[in-house]
Each structure stands twice: as C-alpha cells, then as structure tokens.
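Before any comments, here is the structure.
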Amino acid sequence: MHTTYIQHYDIIYNTEESIIGALQKYGPVVSFERNGSREYIVDNEYTRKVLTEDSLFSFENGMASLLGINWLLGLHGGTFFRDIDDIMKNFLARRLVNIESKVWPIFERGALALSKASSPRNPIDMLPYAQSTMAEVTTAVFFGEKYMEPIIIKAVVALASDTAEMTGLFQNRSWLAHEVPIVWRLWTWISVVLFKIPLHFGPKFAWRLWSDIKCRTADDSDKDDETVISYLVNRYKSSNGIVSLGSKLWIFVLVLASILGSVHQTSTIMVWATFFLAVHPESQVEIREELIKITEQHHGSLRGPLPDIKKALHTDSFIREVLRMKGDTVNVVRASVRDVDLGGYLIPKGASPTPFRRLGYIVLFSAGLTVVTLGSLVFPVTRLSYRSPRYTENPNKFDANRWVGSGKTAATTGLGYLAFGYGKWACPGRFLAVLEVKYWVLALVKCSKFTLKGGRYRVLDGWNVTAVAPEGRLLIEPYNDPSLV
C-alpha cells in the first residue's frame, strides 16, 4: 500500500483529481494524511466489504471519530447512534403518516418568501431561506405546535449551525484545523459547547424543553400529541414513571443531534436540488406540470392545497439523480476494529492518537468515563460507485427521468447509490429527508422560475460535498398568481 501526502488545497478544491488519481496511480488502497490524522481511501471493489462487514469495520466508531464525538461513545452505555437510529426509525415512522398536511404549507411559505426576496437586480443566497424553512418543519415534526414560535425556530437554526461547527463539518475550510488541529479542536469545543450552544438554546427554548420533559414524566395522558420529547420520556422512564437526571440530559443530547440531521443536512440537499433545477430549466417545467397533475388528481381542482406526493415520480427521480451526480467523492466512513487485509493491503486497527485525542482520553478517564479506542478511518470513494457502468447505464450523463419506473426511489440505497449510506446503517431519516426535499422542489416551481447568476455555482468543499452546501445566487422570477398551480 502506498502512503502519500495529498495537499490540503487539493483535497478541498481538486478532490476528484487528487483522490481518484491516487487510487489509479498506486492501487485500490491508499493511505494519506488529513488534518493531522492518517486515513485510508479504497476503490469501489471493496465498498461492499467495508460497509457491511461489521466484524472488521465499525460504523459507530467511524462516525464518532470523523465528527470528533468519540467521547459520546463513553456516555450512556455507548448507545448514541443506536438511539438516533431508533428515533428516526420508530418515532418518525409513525409521524410520517400524518405530517404531510402540516409541512406542505411551511414549504409553500418558505418558497414564496424566497421568490419574493429576489429580483433581476438582487440575486439571492437561498441557504438562509432553506435553513429557516427546515427549522420550522423540524420544529413542527419533532416538537409540535406549542413550540412553533419565531424565537424557538430562530434558535433551531442557530443550534443546527452550532452542532455542525462542533462536529467539524466545516473544518476543511479552516486554516487552523489543517495547520494546528489540536488548537482548532480545543477552540471549537470551548467556543461552541461552552458559549454558543447555551446562548442559542436560550432560556425560553431550554426551559420549554426541560418543563416538557418533567410534564411528560408526570402525566403521559396526551398520547395523541406524541413528540420526540414524549417518545424519549416513555423510552427512558423507569417502572415508577421517573426519568433520571442523566436520562434527561441525554434527551437534550439526542434533541441536538436530531436538529443537526434534520435542519443542516436536509437544507444542504435542498440547495443542491435547487441549483440543479436552476441549470436544468426543462426539469422545472416538467416538475411543475407534474405538480398540476398530482394536485388535480388528489383534489379535483387546481387550487387543491396538497399534492399527492406519492405520485410525484418525476420529482423523486430528479432528486435521486441530483444526489447521484452532485459530486460526492466520499460520503461514507467506517473505522477498522482490527487489522484488516484488503487484497493484500494492510489497514491497521488504529493509528497512534494525536496529542489532542490523548488529552481527551485523559479527561474522560479522569471523569470516570469509558475510553473508546477508535480504529483507522476508511473511506470508500463513492464517486467511483456513482459513475460506474456496473450500476448505471451511461453513468456520466445527468438524466432527470432515469429512475422513473425503475422501482428505485430517491430513498432506495444500493452500491451504485450511496447518498444515504448502505447496509444496516443506511440513514434512517432518509424517507423524511426525501419527502421534505420533494415538497421544497414542488413548492418552489409552483411559485417561480429561476436561474443561477452566471449560470453556475461553486463547490466550497470537494471532500465534504455531502454536508457543505455549494455557493451560488439565484435570479428568481415569481409567477403572477402563485396560488394557481
């Protein structure tokens, strides 16, 4: 196995050339250094093995290490990722049945606000509008009507950004993270955990959550109004109805994590979908025509308030193709749990920890918490899977209708489509995320047509396309009467 040093600039701005070029030059397994750590990339012949053989590679350790939250695996019995998985699979599965009528008006308002804010002389950054819309949707889905206040929705936007910063989603764009990762990690934790998160939670949101936990503990009679709080209280309360202080604090942790996934990640996908629509105006026309059809069928009138989302097949195909073609080089990770031989190349159980990680272990040990030893990070190069003729015919062409009638939706995972991972650890929130992006796309083409200033956007972080939205400004022309589909 060849060990190479890929320049920080190339990882971010020449990602495909540097990463895929290294595999083509040196073989299917390449070791390199990034942000003070030794990591491994593998080509698509080993993707299935890395993502599915849990006895060799750990999803939980890989994600914890990548996000800098390995300390969480030493808390609450190491159940963090399993708890998030449970929330998404069980709580959201029940909510999906009856949330459509609640979230569609929110997406309509968000799309209309964006369309009205732009003009030919005022090209606009859509990301704040996507984040605000998703914060409102997340609040409605997870917390319920009594949380739907502007101050709380604003707090949700800020907390999503704080959590993204805390978990290092923007670290590749930081000179400090690259040059002095120890200082960067320490500064990030101090500024975000001790200052930003408490400030943005604010007394109103924090007290509302805490009071809600206590109220649900004392009286669980309101089962028709299930929220993520009531769901978690029911899960963690003892036989006598008491939720311990530790479990109450753990609920706060899970709430933060849910906000990150629901607001930050989905907002990023919304930006990608919108930018692809902007450079493919024929898809705007086609999806708008589909909206007319599925609304008429659902309500018998063009003014029907709710489209039949299950019949938005072209919209779903468009979103799947966007997620396949938007340019992820890597978006899944695992950590080796022992020395692993991949085709004659050795990936060790774990590299020597950085000085900051050693310091973290000392702090955890001093606090009496479990010290989690994480393995080497391994990244299958997902771009090779997306663009492989083994999985997709003519894979380098963007075809918005490619998946219509294929039996594969935007939420269907596979080795040729890793947008939401693969195997038992595929993203459990993908069904909600796809539903939300579909509603956003439909709401936007309902009220406007749009292009990108200069006809293009800029990728800000080629290594982390999944979590860092591209940069671009929209030129939006609202329709005269957006109430008519």
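Quick notes
- Relative contact order (%) - criterion: Cα under 8 Å, at least six apart; region: the stretch 2-478: 27 percent
- 22 Å Cα-Cα reach of LYS214 towards lysines, excluding residues that sit fewer than 8 places from it in its own chain: LYS146, LYS204, LYS223, LYS237, LYS248
- If the segment from TYR9 to ILE182 were pulled out straight at 0.36 nm per residue, it would be longer than the present Cα-Cα gap by 60.3 nm.
- Estimated FRET transfer efficiency (ARG338, HIS76; beta-carbon r; R0 30 Å; 0.05): 0.75
- For the stretch 1-76 versus the stretch 445-472, the inter-centroid distance based on Cα atoms is 26 Å.
- Kirkwood hydrodynamic radius of the stretch 129-184, from inverse mean 1/r over distinct Cα pairs, in Å: 12.7 Å
- The loop-placed trypsin sites (Lys or Arg not before Pro) in the stretch 395-485, going by DSSP, that have at most 13 neighbouring Cβ atoms within 10 Å of their Cβ come out as LYS397, ARG456.
- Only beta bridges with both residues in the chain are counted; by DSSP, about 75 percent of them are antiparallel.
- Given R0 = 30 Å, the distance between the Cβ atoms of GLU53 and LYS154 translates into a calculated FRET efficiency of 0.10.
- Within the same chain, aspartates and glutamates fewer than 8 places from LYS310 are excluded, and of the rest, those with a Cα less than 12 Å from its Cα are GLU100, GLU290.
- For the stretch 132-149, the Karplus equation 6.51 cos²θ - 1.76 cosθ + 1.60, evaluated at θ = phi - 60°, returns couplings of 5, 4, 5, 5, 5, 5, 4, 4, 5, 6, 8, 10, x, 4, 5, 9, 7, 10 Hz by residue, with Gly and Pro reported as x.
- Long-range amide H partners of PHE57 with built H, under 5 Å: VAL337
- Sorting THR133, THR412 by the number of Cβ atoms found within 10 Å of their own Cβ, with the fewest placed first, yields THR412, THR133.
- With a cut-off of 15 Å between beta carbons, the residues surrounding GLU45 carry a summed charge of +2, where Lys and Arg count +1 and Asp and Glu -1.
- Links that overshoot a 32 Å alpha carbon limit, given the list LYS25/LYS89; LYS293/LYS326; LYS408/LYS449: LYS25/LYS89
- If the chain linking SER119 and ALA206 were pulled fully straight, counting 0.36 nm for each residue of separation and taking away their Cα-Cα distance, it would gain 27.5 nm.
FYI, it's all coordinate maths here, none of it is from the lab. None of these values were measured; they are calculated from a predicted model. A quick note on method: Cβ atoms are made from the backbone with ideal geometry, for glycine too, and the neighbour counts reach across all protein chains shown.
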